[in-house]
Structures are given as structure tokens and as C-alpha cells.
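**Student:** The structure under discussion is supplied below as C-alpha cells; questions concerning it will follow.
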Amino acid sequence: MKNIIYVNVLGGPPFQYVLSKLTKEVNVWVVQTEDIAEAELNDLKSLINHLVMPEDIPNNVSLITFLSDLAREISAEAIITFDEFHLDEVSQVNDKLGLKGPGSSVTNSLRKDVMYTFFEKHGLLNRKFFASSNPTEVLNHHIDFPYLIKPSNCAGSLGISLINNQEEADDLESILGKTTQLIEETIDTMPYKSHLKSQPLIKEGMLVGDSSCWFGENSPYADYISVEGVVINGTYHPVAITQNLPMIYPFTETVSMSPCTLSVDKQKLIVDKIKPCIESLGLDYCGTHTEIKLLANNEIAIIESAARFAGWSIIPQIEASFGVDIISEYMDIVYNKESQIKSDFFNTLENKKAYSATISLLPADEHSQPWKEQIVYRQAPDLTSVIAPSSTCQFTPYIMENDVIYPMSEMSGAWNSFGKVFLVAEDEETLLSDIESIRKNLKTLIS
């Protein structure tokens with residue numbers, strides 16, 4: 001039986017979902033580089049036979065060396081991760097051992113300041129930007145209002161600030177200091193990542209979207225979508241488009257939904273435009289998650305593109321909505337069982353089976369207005385009491401009973417989330433109604 005190594009951390013699809021696919025035909029050795037909650041640890045142990053915990057990795061050995069030695073010891077045929085922060089190490093080990101992975105150009109899909117140069121060459125950046133590791137240079141470089149300040153190598157909207165006018169810009173030095181402090185504090189919780197503390201900051205013009213141009217007037221949907229796909233031997237294959245509900249100000253994502261309700265022509269326009277750009281990044285074998293801003297006049301801009309499958313439950317959404325098991329299809333290629341991906345983007349569009357969503361549980365109401373006070377998480381919510389009888393849902397908490405849920409922090413992005421709900425409904429109207437009901441009643445149900 002084949003052996004593979006899966007580096008499991010916070011990012012990417014739920015590990016329970018991933019491992020249910022990986023363990024069908026192979027022995028999976030999970031390398032857990034960070035501490036994990038007891039309930040999740042029990043889930044992990046129930047799914048696999050080989051688990052490497054953080055304390056099992058010698059302090060004086062780099063993660064690259066450890067993974068390389070383990071791979072040789074067990075004759076691993078694949079080393080994979082879907083976590084943003086470990087793609088670089090895993091790619092280096094794969095290259096070193098001649099295994100399939102994102103490849104030596106993976107930095108092009110990790111560093112935003114690097115990937116922006118590729119977007120710009122393909123006419124898909126559509127904003128000015130400046131990047132520097134020197135905060136003073138970022139402070140002094142002129143970008144028209146409104147503009148963003150963001151780290152170049154983070155995820156989950158961590159550390160992003162929106163500067164709308166001169167009054168807010170007068171406080172920019174303080175904002176840069178808070179951004180740097182937040183990045184450093186977050187990275188302190190991540191083993192092997194101290195080098196990211198010195199990452200460049202980016203100052204960039206804010207993209208102004210137009211959801212009505214794409215979805216129509218009075219649509220509930222946000223002006224950004226994501227395209228989920230894979231790269232196989234350098235060729236990009238889009239799989240499905242995910243749409244979203246509006247963010248909580250300024251950039252905290254709330255709800256992702258499948259299938260996308262844009263017309264087939266509009267979806268084709270998007271994937272045709274981004275395909276050559278994604279392929280120019282020089283990736284070899286990997287999942288992709290490409291975030292797109294929908295602009296006026298049927299124009300688009302790429303916000304960012306990661307060399308990994310999407311997080312939350314977006315990949316399970318694709319399977320629930322279309323019957324496409326993209327993890328297994330990708331792994332068949334990694335194992336050399338198949339040479340090409342089976343799922344075709346346009347066939348996928350015609351095979352809608354259900355409507356599904358991931359709701360990020362945030363301290364905010366159904367209108368994305370933040371709660372004004374902290375509350376204590378008392379119990380897992382009975383969500384079946386507030387959704388349609390025909391719908392199903394799965395609740396995953398990130399906290400323990402009696403933990404405190406604090407009010408929203410604008411710069412913390414996805415780190416504000418205290419759990420998620422994976423929801424499946426029979427039609428679009430029911431899905432939207434269920435989402436609103438869960439968000440409206442959440443505070444009462446958990447306290």
C-alpha cells in the first residue's frame with residue numbers, strides 16, 4: 001500500500017473531509033505542525049494510523065529536513081498540504097525528492113507583491129500598488145484614496161486596513177505599527193514562520209466593484225467571486241466558481257455559496273480571461289483558489305491567486321452542489337493513476353445537484369452589523385430549529401464552551417471567526433433564507 005505525507009495545519013479544506021478522500025487507498029502519515037484542539041485531535045486519530053505531533057519534530061531540525069527524512073524512511077509517493085503557510089516547504093521537499101507538487105515557482109502564488117506583477121502583465125491587476133519592507137517608504141509613497149495597507153504573505157484578510165481619506169491617512173503611521181504588531185503576534189503562534197515577520201507591506205489602490213453589472217439590480221451577492229481549480233503539469237483547469245455574500249467592513253468574508261448563479265456566458269468570460277494568467281505563474285501540480293473582483297462593464301481584476309485548494313468548506317460545497325470530488329481526482333494524478341483531470345468546467349455547470357454554503361460564524365448579525373458586546377459561548381447551537389426541514393447543516397466550532405467571543409476586530413479578518421456552518425439546501429431561495437435565519441438567531445442560540 002502506498003504511503004503519503006499530509007501536512008495538516010489551519011488552512012485549506014477541513015482535514016476530516018480531505019482525509020476521508022486520502023485514506024481510501026493509501027497509508028496517510030499526518031504531520032501536525034501546530035497544536036490542535038482535543039476534539040479535533042480525536043477526529044484526526046480516528047481517521048489515520050500514523051500521526052506526527054509537534055513535539056515529535058526535533059527542535060534543531062528544519063521542517064524541510066524532517067519531511068525529507070520521513071519521506072525517504074517510509075518511501076512516500078506524495079507529500080501534500082493545502083495550507084497557505086506550508087506550501088513553500090512542501091514544494092521544496094517535493095522538488096528535492098522528484099515528487100509532484102506546486103513546483104519551484106510557488107512563491108509566485110504566495111507573495112502578493114510578486115503575483116501582482118503577473119496580473120499586471122495580463123491586464124488583470126487594475127490598481128496601482130507599492131511594496132516595501134520599510135514602513136517609512138510605504139508611508140510616504142503616494143497612492144490615490146481609497147487605498148489598502150496589507151501584508152504581502154498572509155491569508156484570511158489578516159492585517160488589512162482601508163484608508164478612505166486624508167483624515168484617516170493622518171493616522172497611517174500608527175496603523176502601520178498596529179499592522180506589523182498583529183502580523184508578528186500571529187506569526188509567533190506558527191512554528192517555522194519567523195522569517196515572515198519581515199515580509200513587505202503593500203499599499204494598493206482599492207478595487208471598486210459593481211455586483212449589479214454581473215448579478216443584476218437588487219442582488220444579494222457580493223462584487224467578488226472565486227474560481228476553484230487545479231494545475232496539472234502547468235495547465236490550468238477551472239472547476240467551479242464560488243459566489244459570496246457581502247463582507248463585514250472592511251474585508252472580513254462572511255458566506256460562500258455554490259453553485260454560482262452568473263450566466264454561463266459570464267462564467268466563461270471569467271475563466272477564459274484568467275487561464276493564461278494563472279498558467280504564467282509557473283505552477284506544476286496543485287489546487288488553486290483565485291479571488292476575482294467583479295468590475296463595471298464586465299471587466300474583472302484578480303485580487304489574489306493561491307496554489308492550494310480553498311479553505312472553509314468550499315471544496316465540500318463543490319461536491320455537494322455538482323457531485324465533483326476534486327480532491328480524489330487531483331490525487332489520482334499525483335499517484336500517477338490518471339494523466340488528466342476528469343471534471344470539465346462546463347459539464348460541471350450543467351450538473352447542479354443542490355445549493356450549498358459555508359457560513360463563517362462571526363460576532364455580527366444577518367446584516368453584517370458587528371455585535372456591540374462580548375458574549376460567552378455556552379453551547380453548540382441547534383441550527384435545525386431555524387432552517388428549512390429539507391435542509392441539512394454541519395456546525396464546526398473553533399472554540400470551547402465558556403470561551404469568550406469578543407467584538408469584531410477590523411484588522412483580524414478571518415481570525416474573528418469562532419466557527420463555521422456547512423449548509424445544503426434544495427434551491428437558491430431556501431439557501432438564502434436559511435443563511436439569513438442562522439445569522440439572525442446565532443447569538444441567541446449559542447449564549
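The values are calculated or read from the model by the stated rules, or taken from the named source; none is laboratory data. Bear in mind that the values here come from a model prediction, so they are computed numbers and not experimental data. Reconstructed Cβ throughout: ideal geometry from the backbone, glycine too, with neighbour counts over all protein chains shown.
Residues checked against (1) of a type in the set (A, V, I, L, M, F, W, C); (2) modelled with pLDDT under 95; (3) part of a strand (DSSP E or B):
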residue: Q243; (1), (2), (3): no, no, yes
residue: P246; (1), (2), (3): no, no, no
residue: S256; (1), (2), (3): no, no, yes
residue: C260; (1), (2), (3): yes, no, no
residue: D272; (1), (2), (3): no, no, no
residue: L283; (1), (2), (3): yes, no, no
residue: G287; (1), (2), (3): no, no, yes
residue: E291; (1), (2), (3): no, no, yes
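**Student:** Answer with yes or no whether E184 is on the phi < 0 side of the Ramachandran plot, surrounded by 12 or more Cβ atoms within 10 Å (Cβ to Cβ), of a type in the set (D, E) and touching a strand residue (DSSP E or B) at 6+ places or on another chain (Cβ under 6 Å). Explain how you work it out, then say what you get.
**Tutor:** Numbers: on the phi < 0 side of the Ramachandran plot: yes; surrounded by 12 or more Cβ atoms within 10 Å (Cβ to Cβ): yes; of a type in the set (D, E): yes; touching a strand residue (DSSP E or B) at 6+ places or on another chain (Cβ under 6 Å): no.
In short, no.
**Student:** Restricting attention to helices (runs of 4 or more DSSP H) lying wholly within the stretch 305-373, give those where 2 or more residues are modelled with pLDDT under 95. Step through it out loud before you land on a result.
**Tutor:** Details: elements: 314-322, 326-334, 345-349.
Here the list reads 326-334, 345-349.
**Student:** Contact list please: Cβ distance under 8 Å, first residue in the stretch 109-121 and on the phi > 0 side of the Ramachandran plot, second residue at pLDDT 95 or above, pairs at least six apart or on different chains.
**Tutor:** Listed pairs, sorted by first residue: none to list.
**Student:** Of all residues in the stretch 400-443, count the ones that are farther than 24 Å from S356 by Cα and either free of Cβ contacts under 8 Å to residues at least 40 places away in the same chain or assigned to a helix (DSSP H, G or I) (or both).
**Tutor:** Filtering the stretch 400-443 down to residues farther than 24 Å from S356 by Cα leaves 400-412.
Of the ones still in play, those that are also either free of Cβ contacts under 8 Å to residues at least 40 places away in the same chain or assigned to a helix (DSSP H, G or I) (or both) are 401-404, 409.
Total meeting the criteria: 5.
**Student:** On to the next question. Can you name every residue in the stretch 388-405 that is within 29 Å of E429 (Cα to Cα) and in contact with a strand residue (DSSP E or B) (Cβ under 6 Å, 6 or more places away or on another chain)? If you could, list the steps in order and put the result at the bottom.
**Tutor:** Filtering the stretch 388-405 down to residues within 29 Å of E429 (Cα to Cα) leaves 388-398.
Of everything in the stretch 388-405, those that are within 29 Å of E429 (Cα to Cα) and in contact with a strand residue (DSSP E or B) (Cβ under 6 Å, 6 or more places away or on another chain) turn out to be S391, T392, C393, Q394, F395, T396, P397, Y398.
**Student:** Taking the stretch 376-413 on its own, how many of its residues are more than 27 Å from P250 (Cα to Cα) and small (G, A, S)? Steps first, please.
**Tutor:** First pass over the stretch 376-413, keeping only residues more than 27 Å from P250 (Cα to Cα): 378-394, 400-402.
Those left that are additionally small (G, A, S): 380, 385, 388, 390-391.
The qualifying residues number 5.
**Student:** Among the candidates I232, I278, I274, I225, single out the residue that is within 30 Å of D434 (Cα to Cα), of a type in the set (A, V, I, L, M) and in contact (Cβ under 8 Å) with a residue 12 or more places away in the chain. Working first, answer last.
**Tutor:** Numbers: I232 fails: within 30 Å of D434 (Cα to Cα); I278 fails: within 30 Å of D434 (Cα to Cα); I274 fails: within 30 Å of D434 (Cα to Cα).
Going through I232, I278, I274, I225 in turn, just one is within 30 Å of D434 (Cα to Cα), of a type in the set (A, V, I, L, M) and in contact (Cβ under 8 Å) with a residue 12 or more places away in the chain: I225.
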